[in-house]
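Everything on this sheet refers to the single structure shown next.
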Amino acid sequence: MSALSPSLITAPRAGQWLRLTDEGQFELRTGKVELGQGISTALTQIACDALGVAPAQVKWVAGDTNFSPDEGFTAGSQSIEVGGQAWHHVGNVVRSHFAQAAAKNLACHTDALRLKEGRFIAPSGKALSYQELAKAENHIWQALRVDDANATLIAVPTETFVAKREDLWLKFTGAGFIQDLHLSDLWHARVLRGQHPNSRPLVIDTKALEALPGVDRVLVQHHFIALLSRDEGALTKAHAQAKALTAWSTPDLPRDLDAEVLLPQLSAVSHMAAHEIPHQPQPAPAHLTLQRRYSRPYIAHASIGPACALAQPTHQGIQVWSHSQGVFKLRDQIAQALQLQPQQVHVQHTPGAGCYGHNGADDVAFDAAFIAHTWNLNVRVQWSREDEMTVSPMGPASLVDIQGSLDNDGRICQWQTQVWSHTHLNRPSWGDGIQLLGAWSAFKNCTPPTPKDVPLPTGGGLRNAIPAYDVGELSIEHHFIDNSPVRVSALRSLGAHANVFAIESFMDELCEAVKIDPVAFRLNHLSDARARHVIETVAHRANWQARGDAGSGYGYGVGYARYKNKAGYCALIAHVEVAERVKVLKIWACVDAGAIVHHDGLRNQIEGGILQAISWSLHESVRWNAQGISTHDWENYPILSFNDVPELDIHLVDAAEHPSLGSGEVATGPCAAALGNAVAHALGIRARHLPLNPERLMQAIEQVNH
């Protein structure tokens, strides 16, 4: 019996997943939302294939707390594994139900039917649509159970359509994002905040704020300060002036900014993850032992479009438009903060700027809901670039210490990992308490809940800390740091970015110590045929054997991981030039994500993940000073530019015989590792601490020279 998607447990009836309209359309419902990753297109493909309908007949209701099934967060590379699997099963069950009804009404066997654009056609040529059959049975199909893994499914031949990205045209023409949404009788709002999430106003001069040109109203509750205006342009100018008028307290921040120095100084709770590690054989005697440390800094989401939300009072309570990745959890938290019932809050997802993880979307949604509810106004809240870069959650820093040994045959016989990091999940509803920045400011008794770790096998700081290789005796220790100098939460791939960078860098250092080719060394320690295939394929495509000697200024590096040790496989080779800075010339990647639902969508996911990983690994690092977060604009927080986008060669393994696997985060760790290994090959010197910017490279060179 195949396992059912957990989404079908919370929404077990067909009527919770689709509605048949009188116009012949299919209103399909999902809790997984469009973040720019193309999930709506992939789900359209799955639903159309299962139901035998055309993409033009489909309309999605996604992430709407009044209509969509609750599928948790759109996160963790699970939209296809969970949401897609759910819709595949729902579509098959619904098609089978109507196939039986059609065969009865058309006086033929089910195996004689064919489907064309939602119409069941008998050998006689007579046909009935889903809608006609539904009316004939008085819509009893809506109560049909879709949570039976052993349901009898009836195959019906149908046309195959290729779904296309329907969201792009609106985004290209300026009407596809939440920032473009407008309500009638609208008030614009800006919230005043310092340069750190824990900054508080020392004095609030309400009269001075009300006197600013462009400010029509000022809302002050506890430490929450909002400026309102009908004129957004004038309000934007007033917001900058208001920040200058307000003095802020700033928490005492550590003087050490580099993760490899800072993290071991912070108080931590340590535990061994031995109970998550498979039983290991007695290790062979060690011939050579190495110990190295690697780190990554705190990283900002740095979305191109800052967070935005709209809210409108209703007869029931309040409606909120948000680009949150978890609308049901956000609904519950807003209701809890405003002392409403969950059914009084209606949250509707609307696409925002690309984001993988927990950025300011939930916080700005609370800002809008709180203002709208307090003053009974239609409100649009737009965060500034500085808000986005200083008070929204960051990706946690990590420090990874690895000690490994080789036996006399050059095989790894012992491996010990220690990881220092924070929680990687502080999303709304994760654990106890309210996880909304504005609520902490507006209500005296509302404070951030105690951070909690995410244990393996999912893992937060320990995600992908278990090596993919046969390493003999293995131990992993996590030093969980609950307090952070910045606000931290989920960022694409969680701890996998740092852990894979560390593991794959250490694999290369073992190779260097015994003069073994890095690709051959990896293959010698891999028993998984699919893992071996992606490494062998990418090495062939990159002509790995011709990479040359180290120290020429040009380098090739390889990185491999299976995301979460259970999702998609990715092997990646980077070609770089190192002069005054690192220039990425070309990236080759081979990805096995099981059965591919939508080739173009998967390719876009891999390409986007590579580019984001290049930006993180070469450029990005959150910094602070006595005033708070100092990396509050693009000048101080540079990201990858269009001029530095390398040539990409992506090969997708269409493993149709295997289930579809999560792929949205498979490339981030291998890309960081391949870059680190390529830079080491180019220089003949290894930089172990991200980002690999000129300052970090000079540190590595100076350490070698000393």
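In the set (1) aliphatic (A, V, I, L, M); (2) closer than 30 Å to G472 by Cα; (3) without any contact (Cβ under 8 Å) to a residue 40 or more places away in the chain, the condition left unmet by V218 is number (2). In region 492-580, counting only helices (runs of 4 or more DSSP H) that sit wholly within it, the ones holding 1 or more residues that are under 30 Å from P396 (Cα atoms), out of contact with any Pro (no Cβ under 9 Å at 6 or more places or on another chain) and without any contact (Cβ under 8 Å) to a residue 60 or more places away in the chain span 518-524, 529-541. Within region 50-66, residues that are basic (K, R) have Cβ atoms under 9 Å from residues that are outside any helix (DSSP H, G or I) in these pairs: K59/T21; K59/Q25; K59/F26; K59/E27; K59/L28, counting only partners at least 6 apart in sequence or on another chain. Examine region 22-42 for a residue that is closer than 20 Å to E117 by Cα, at pLDDT below 95 and among the aliphatic types (A, V, I, L, M), and state whether such a residue exists. Within region 22-42, one or more residues are closer than 20 Å to E117 by Cα, at pLDDT below 95 and among the aliphatic types (A, V, I, L, M).
Check whether at least one residue in region 600-611 is open to solvent by 10 Å² or more (accessible area, probe 1.4 Å) and over 18 Å from the mean Cα position of the chain (by Cα), and report yes or no. Outline the logic, then answer.
Of the residues in region 600-611, the ones open to solvent by 10 Å² or more (accessible area, probe 1.4 Å) are 600-605, 607-608, 611.
Within this subset, residues satisfying the condition of being over 18 Å from the mean Cα position of the chain (by Cα) are 600.
Yes, region 600-611 has at least one match.
Of all residues in region 320-340, those that are closer than 16 Å to N426 by Cα have Cβ atoms under 6 Å from Cβ atoms of residues that are assigned to a loop (DSSP other than H, G, I, E, B) and of a type in the set (F, W, Y), 6 or more apart or on another chain, in Q325/F73; G326/F73. Quick check on region 292-319: of everything there that is free of Cβ contacts under 8 Å to residues at least 40 places away in the same chain and closer than 26 Å to G176 by Cα, which residue is least open to solvent (accessible area, probe 1.4 Å)? In this case the residue turns out to be Q319.
When region 216-271 is limited to residues that are polar (S, T, N, Q) and under 32 Å from the mean Cα position of the chain (by Cα), the one that is nearest to S199 (Cα to Cα) turns out to be T250.
For region 612-630, a residue qualifies if it is surrounded by fewer than 21 Cβ atoms within 10 Å (Cβ to Cβ) and in a helix (DSSP H, G or I), and exactly one does: S615. Taking residues in region 692-706 that are open to solvent by 30 Å² or more (accessible area, probe 1.4 Å), and partners anywhere that are of a type in the set (K, R), the pairs with Cβ atoms closer than 6 Å and at least 6 places apart or on different chains are P694/R581. Considering region 349-365, and only residues there that are hydrophobic (A, V, I, L, M, F, W, C) and under 14 Å from the mean Cα position of the chain (by Cα), the residue that is surrounded by the most Cβ atoms within 10 Å (Cβ to Cβ) turns out to be A361.
For residues that are within 22 Å of P670 (Cβ to Cβ) and in contact with a helix residue (DSSP H, G or I) (Cβ under 7 Å, 6 or more places away or on another chain), scanning just region 548-559, find the one that is most open to solvent (accessible area, probe 1.4 Å). Among those that are within 22 Å of P670 (Cβ to Cβ) and in contact with a helix residue (DSSP H, G or I) (Cβ under 7 Å, 6 or more places away or on another chain), it is Y554. Inside region 631-650, can you point out the residues that are under 20 Å from K586 (Cα atoms) and either open to solvent by 20 Å² or more (accessible area, probe 1.4 Å) or charged (D, E, K, R) (or both)? Correct list: I639, L640, S641, F642, N643, D644, V645, E647, L648, D649.
From the list E117, E137, E132, E159, which one is under 18 Å from G24 (Cα atoms) and under 34 Å from the mean Cα position of the chain (by Cα)?
Values: E117 fails: under 34 Å from the mean Cα position of the chain (by Cα); E137 fails: under 34 Å from the mean Cα position of the chain (by Cα); E132 fails: under 34 Å from the mean Cα position of the chain (by Cα).
Exactly one of E117, E137, E132, E159 is under 18 Å from G24 (Cα atoms) and under 34 Å from the mean Cα position of the chain (by Cα), namely E159.
The values are calculated or read from the model by the stated rules, or taken from the named source; none is laboratory data. Note that the structure is predicted; figures quoted are calculated from it, not measured. Because the Cβ atoms are built from the backbone with ideal geometry, glycine has one as well, and the counts that use them run over all protein chains shown. Side chains included, ligands, DNA and RNA excluded: accessible areas come from the protein's heavy atoms. Shrake-Rupley method; radii C 1.70, N 1.55, O 1.52, S 1.80 Å.
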